[in-house]
Every structure is written in C-alpha cells, then in structure tokens.
Amino acid sequence: MDRRRFLALTPAALAAPSAPLQAQASSTRRGFGRAAETVPAIGMGTWLTFDVGDDAAAKSQRRAVLQRFFAAGGGVIDSSPMYGGAQALLGELLPNVGHEGKLFAQTKVWTPFERLGPGQLEHSLRLWGVPRFDVLLVHNLLNWRGHIKTLRQWKEQGRVRYIGVSTSHGRKHDEAERVIRSEPIDVLQITYNLADASAEPLMNLAAERGLAVVINRPFDGGDLFDRIGRRPLPAWASEIGCANWAQYFLKWVVSHPAVTCAIPATRRPAHMDENMGAGVGGMPDAAARQRMQAYVGQL
C-alpha cells in the first residue's frame with residue numbers, strides 16, 4: 001500500500017490540509033553542525049520522485065511540491081546524479097517556485113572513478129543552475145578516499161560551503177565512522193527512522209565532532225506506512241502536535257538531539273504539506289520519543 005492509498009483509508013485524511021502551510025507558522029530550525037547558521041528541520045529529497053522524464057503533468061505536480069515546500073519555510077533540497085533526471089528537473093523548476101534566499105542546495109558525487117568526479121560535479125552545478133552548492137557529499141561512500149580530495153578542493157575554492165559523506169539502509173556504518181574520525185568533514189547523511197535506529201551511535205559521534213546530521217529514508221522508504229496499515233493515530237499523538245502519521249514519523253526523527261534535518265521525498269503537494277507540518281510546533285521530549293517508538297514497535 002502506498003502513502004496515497006493509506007491516507008485515503010485513515011481518519012487523518014479528513015483533516016489533511018488543502019492549502020499550503022503558511023510561512024508565518026514558525027518552522028523549527030537547527031544549527032548546521034559547527035557552522036554559525038541554521039536550517040529548517042524538515043527538508044526534502046528527490047530520490048525516485050523527481051525523475052519524471054518528459055511527463056508534463058508530473059512536472060507540474062513537482063512544481064507544486066516545490067512551491068508548497070518553500071511557502072512553508074523549507075530550505076534543504078537533496079539530490080544526486082544517481083537519481084536520474086532529478087537534478088535536471090530541479091534546475092528547470094527552481095527559477096519559478098519562490099526559493100529566493102531559502103534554497104540550501106545539497107547534492108553528491110557518485111562514480112567509482114576519482115578522475116570523473118570533478119566533471120560530474122561541474123555537470124550537476126550546471127543542471128541545478130546555482131552559483132555554488134551548499135553541501136557536497138560522497139554518495140554512499142563510493143571511493144570516498146578519492147572524492148573527498150576533490151570536495152576539499154571545491155571548498156577551498158569557495159564552490160561549496162560544506163562537505164561530507166552519505167550512506168543509507170544501515171550500511172557501511174564502520175566505514176562512515178572511519179571517515180568521521182579521520183577526515184575534516186562537515187556533514188553526515190545517514191538512514192534513521194522508527195524501523196531502523198541503528199545509526200544512533202554514529203549520529204551521536206558526528207554531533208560530538210560538530211557535524212551536521214542529515215537523515216535520509218525517515219519513512220523507511222514508505223514501509224512505515226505499510227506497517228501502520230489502517231490504524232488511526234493514538235489519541236495522545238495530538239499532545240506532541242501530530243495530525244497524521246507522516247508528522248508522527250518525522251517528529252520522532254528530528255527530535256533526536258543529534259539530528260539537523262530530515263529529507264523525506266514526495267510526489268504530492270498534499271504530502272508535502274503534511275511533511276512540513278512536522279516542523280511546526282513542539283517536539284517530543286525523551287519520554288515521548290520512547291513512547292512513540294514503543295507504540296510502533298509493538299505493531
């Protein structure tokens with residue numbers, strides 16, 4: 001069951017917003033690691049969702065997704081050359097979605113060959129249509145020893161502000177730890193969600209060393225919605241500001257003290273409204289997080 005069908009079957013669908021969240025609803029912001037700046041706690045990813053080819057209807061829908069994202073105070077957008085046409089679509093849509101002064105552009109280098117890394121980064125820069133990137137990551141640690149040198153050069157040249165590595169699906173945590181301990185990086189992107197909390201020790205280490213921690217797959221690739229099935233939210237979820245399951249899952253993720261932001265991906269404007277709502281209002285404390293985790297764990 002995908003998220004659209006799941007929501008249609010739940011009481012939360014009756015309360016789903018029909019208009020974008022307004023920017024004046026204060027959105028939670030987090031310090032970006034050791035840097036003297038903050039970013040919104042809810043960002044967005046583009047894996048699978050922004051690779052639409054020439055589908056005009058899909059492009060129009062993704063434009064609305066971006067408009068809702070920025071209207072609600074969003075900033076961090078994550079992509080990668082691995083994501084097919086996602087970067088090209090971002091470059092096509094960004095000029096007309098109201099991102100001025102808000103976009104925090106994050107992409108990756110993804111090739112086993114060190115010599116191809118610089119050209120790939122140049123191509124990504126042209127696709128996005130931005131003067132520089134905010135973050136560049138070595139995607140899934142692929143040849144990180146070679147690519148990290150390129151990323152350092154780009155940072156020294158002022159072509160990117162922050163550099164780091166990414167991993168996903170609970171893989172390569174030992175290798176990521178070696179990078180954190182041995183390299184002067186700024187960012188760790190990693191998988192963390194209510195179905196897989198194995199990254200917590202690494203997240204804590206990253207935070208202790210002043211790294212920003214960006215969370216991918218906060219919905220476990222959508223599997224958390226399948227796990228919940230048709231169940232309504234527990235009555236006490238309203239006490240922590242959750243109006244739907246997306247907010248329940250996201251608030252649990254971004255309330256971890258090591259987390260800077262999460263980057264859920266979506267195709268649908270209404271889902272973007274729900275996601276961005278997770279950054280509004282209070283966040284669960286440690287006791288509430290335990291309760292949330294226990295509730296999902298027993299399903």
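One table, with the values for the structure above:
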{"read-out": "Pair list, Cβ under 6 Å, 6 or more apart: the stretch 113-131 residue at pLDDT below 95 and surrounded by 12 or more Cβ atoms within 10 Å (Cβ to Cβ), other residue of a type outside the set (Phe, Trp, Tyr) and part of a loop (DSSP other than H, G, I, E, B)", "value": "none"}
{"read-out": "Residues of the stretch 157-168 satisfying the condition of being touching a strand residue (DSSP E or B) at 6+ places or on another chain (Cβ under 8 Å) and more than 14 Å from Leu142 (Cβ to Cβ)", "value": "Arg159, Val160, Arg161, Tyr162, Ile163"}
{"read-out": "Top-ranked residue in the stretch 266-294 [being part of a helix (DSSP H, G or I) and among the small types (Gly, Ala, Ser); ranked as nearest to Gly75 (Cα to Cα)]", "value": "Gly277"}
{"read-out": "Check on Phe113, more than 14 Å from Thr46 (Cβ to Cβ) and touching a Lys or Arg at 6+ places or on another chain (Cβ under 6 Å)", "value": "no"}
{"read-out": "Residues of the stretch 10-35 that turn out to be modelled with pLDDT under 95 and either of a type in the set (Lys, Arg) or exposed (fewer than 14 other Cβ atoms within 10 Å of the Cβ) (or both), as a count", "value": "10"}
{"read-out": "Test: residue in the stretch 59-70 that is aromatic (Phe, Trp, Tyr) and within 26 Å of Ile185 (Cβ to Cβ)", "value": "no"}
{"read-out": "From the options Leu194, Leu188, Leu151, Leu202, residue that is farther than 20 Å from Val254 by Cβ, of a type in the set (A, V, I, L, M, F, W, C) and surrounded by 20 or more Cβ atoms within 10 Å (Cβ to Cβ)", "value": "Leu151"}
{"read-out": "Checking Phe249 against (1) closer than 21 Å to Val76 by Cβ; (2) surrounded by fewer than 22 Cβ atoms within 10 Å (Cβ to Cβ), the condition it does not meet", "value": "(2)"}
{"read-out": "Residues that are of a type in the set (D, E, K, R) and either touching a helix residue (DSSP H, G or I) at 6+ places or on another chain (Cβ under 7 Å) or over 19 Å from Arg161 (Cα atoms) (or both), drawn from the stretch 172-218", "value": "Lys172, Asp174, Glu175, Glu177, Arg178, Arg181, Glu183, Asp196, Glu200, Glu208, Arg209, Arg217"}
{"read-out": "Considering residues of the stretch 132-148 that are of a type outside the set (Phe, Trp, Tyr) and farther than 12 Å from Ser80 by Cβ only, the residue surrounded by the most Cβ atoms within 10 Å (Cβ to Cβ)", "value": "His147"}
{"read-out": "Enumerated strands (runs of 3 or more DSSP E) restricted to the stretch 140-241, each holding at least 1 residues that are over 20 Å from Pro257 (Cβ atoms), in contact with a Pro (Cβ under 9 Å, 6 or more places away or on another chain) and not charged (D, E, K, R)", "value": "160-166"}
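The values are calculated or read from the model by the stated rules, or taken from the named source; none is laboratory data. This one's a predicted model, so the numbers in the text were calculated from it and none came from an experiment. Positions of Cβ are backbone-derived with ideal geometry, glycine not excepted, and every protein chain shown enters the neighbour counts.
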